[in-house]
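J.: Take this structure first; my questions come after.
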Amino acid sequence: MTDATHDGKGTLPGGLDPERFDELQRMLLIYKFGIDEVVTKVEVLREEMRELHADNPIEHLGSRLKSPRSIVAKARRKGIPLTRAALNEQMFDIAGVRITCAFGSDIYRVRDMLLAQPDLTLVDERDYITHPKSNGYKSLHLILRVPVFLSDRVESVVVEVQLRTIAMDFWASLEHKIYYKYDKEVPQHITDALKLAAEVASTLDVTMERIRDEVAQTPDDAPG
């Protein structure tokens, strides 16, 4: 297992010894199962809304698992011990699920459906839609504790769920690529342009939802 998971340079992430690295890999497998649990719940909700209610608030669903190298780097930067217990209690972005919705109101509908699930526990909620970040970033983050049912026990892991509109997701994807390219030292004129683009995206979301609501209230036999 260890040889197959080296970083390609013949060394383990952060200089970890093989035993500690294998322990980290086993922990990540449980986090993957946590992602699978959340994704399955969202897929069921999406299918139910589409088939039984002729409605589909969930446009796209994605997930990601933090790499061992990223975990080690962040743990050392934040002073978090590289133990399963410490990582589970202090690092909330190891496992992530991203839900993209067409409209802003759909985000809160999906949020409410998820939090109604009796086996999901809300640890924290960060509403960057109502209170955007200074760079214009908008998204709703839910930190959920998820039970993972193994053959001999039940483990609990934290999964971060991010909910965005299509416009918010497009903006965030571009912003991430730009910050990666400039190694976080982005020229001021580009950050200004990104902030303006975030405002345009927000206006687009509001306008499209207003159009959607007006069309929904128009009788089917109304003159064209």
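The values are calculated or read from the model by the stated rules, or taken from the named source; none is laboratory data. Keep in mind the model is a prediction, meaning the values are calculated, not measured. Please note: Cβ atoms are built from the backbone with ideal geometry, for glycine as well, and neighbour counts cover all protein chains shown.
J.: Tally the residues that are over 18 Å from the mean Cα position of the chain (by Cα), closer than 25 Å to ASP169 by Cα and either among the aliphatic types (A, V, I, L, M) or part of a strand (DSSP E or B) (or both), restricting the search to the range 51-92.
T.: Here the count works out to 1.
J.: In the range 151-200, what residues are of a type outside the set (Phe, Trp, Tyr) and in a loop (DSSP other than H, G, I, E, B)?
T.: SER151, ASP152, ARG153, ASP183, LYS184, GLU185, VAL186, PRO187
J.: Which residue, of LEU163, LEU140, is under 30 Å from ARG84 (Cα atoms) and touching a Cys at 6+ places or on another chain (Cβ under 8 Å)?
T.: LEU163
J.: When you scan the range 106-123, how many residues do you find that are among the hydroxyl-bearing types (Ser, Thr, Tyr) and surrounded by 15 or more Cβ atoms within 10 Å (Cβ to Cβ)?
T.: Looking only at that region, the number is 1.
J.: How about the range 179-203: which of its residues are of a type outside the set (Ser, Thr, Tyr), surrounded by 14 or more Cβ atoms within 10 Å (Cβ to Cβ) and closer than 14 Å to ALA167 by Cβ?
T.: LEU194, ALA197, ALA198, ALA201
J.: Go through the range 189-224 and report how many residues are among the basic types (Lys, Arg) and over 13 Å from GLY136 (Cβ atoms).
T.: The number of residues fulfilling the criteria is 2.
J.: Filter the range 9-64 down to the residues that are aliphatic (A, V, I, L, M), surrounded by 16 or more Cβ atoms within 10 Å (Cβ to Cβ) and either at pLDDT 85 or above or closer than 18 Å to SER156 by Cβ (or both) and list them by number.
T.: The answer is LEU24, MET27, LEU28, ILE30, ILE35, VAL38, VAL39, VAL42, LEU45, MET49, ILE58.
J.: A further question on this structure: For the range 127-172, what are the residues that are surrounded by 15 or more Cβ atoms within 10 Å (Cβ to Cβ) and charged (D, E, K, R)?
T.: If the condition is that a residue be surrounded by 15 or more Cβ atoms within 10 Å (Cβ to Cβ) and charged (D, E, K, R), then ASP127, LYS138, ARG145, GLU155, GLU160, ARG164, ASP169 are the ones that fit.
J.: Determine, yes or no, whether ARG109 is over 13 Å from the mean Cα position of the chain (by Cα) and more than 30 Å from ARG212 (Cβ to Cβ).
T.: no
J.: Restricting to the range 74-89, count the residues that are in contact with a helix residue (DSSP H, G or I) (Cβ under 9 Å, 6 or more places away or on another chain) and surrounded by 14 or more Cβ atoms within 10 Å (Cβ to Cβ).
T.: Qualifying residue count for the region: 7.
J.: Sticking with this one: Show the residue pairs meeting these rules: Cβ distance below 6 Å; 6+ apart or different chains; first residue within the range 87-108 and closer than 11 Å to ARG164 by Cβ and modelled with pLDDT of 95 or more; second residue crowded, with 19+ Cβ neighbours inside 10 Å and among the basic types (Lys, Arg).
T.: THR100/ARG164
J.: Does the range 112-146 hold any residues that are within 15 Å of VAL158 (Cα to Cα), more than 15 Å from the chain's Cα centre (by Cα) and of a type in the set (Asp, Glu), and which are they?
T.: Of everything in the range 112-146, just one residue is within 15 Å of VAL158 (Cα to Cα), more than 15 Å from the chain's Cα centre (by Cα) and of a type in the set (Asp, Glu), namely ASP119.
J.: Can you list residue pairs whose Cβ atoms sit under 8 Å apart, with the first residue in the range 167-188 being more than 12 Å from GLY136 (Cβ to Cβ) and the second being among the polar types (S, T, N, Q) and at pLDDT 95 or above? Count only pairs 6 or more apart in sequence or on different chains.
T.: Close Cβ pairs (under 8 Å, with a partner that is among the polar types (S, T, N, Q) and at pLDDT 95 or above) amount to ASP169/THR100.
J.: Restricted to the range 93-135, and to residues that are in a strand (DSSP E or B) and acidic (Asp, Glu), which residue is nearest to LEU29 (Cα to Cα)?
T.: ASP124
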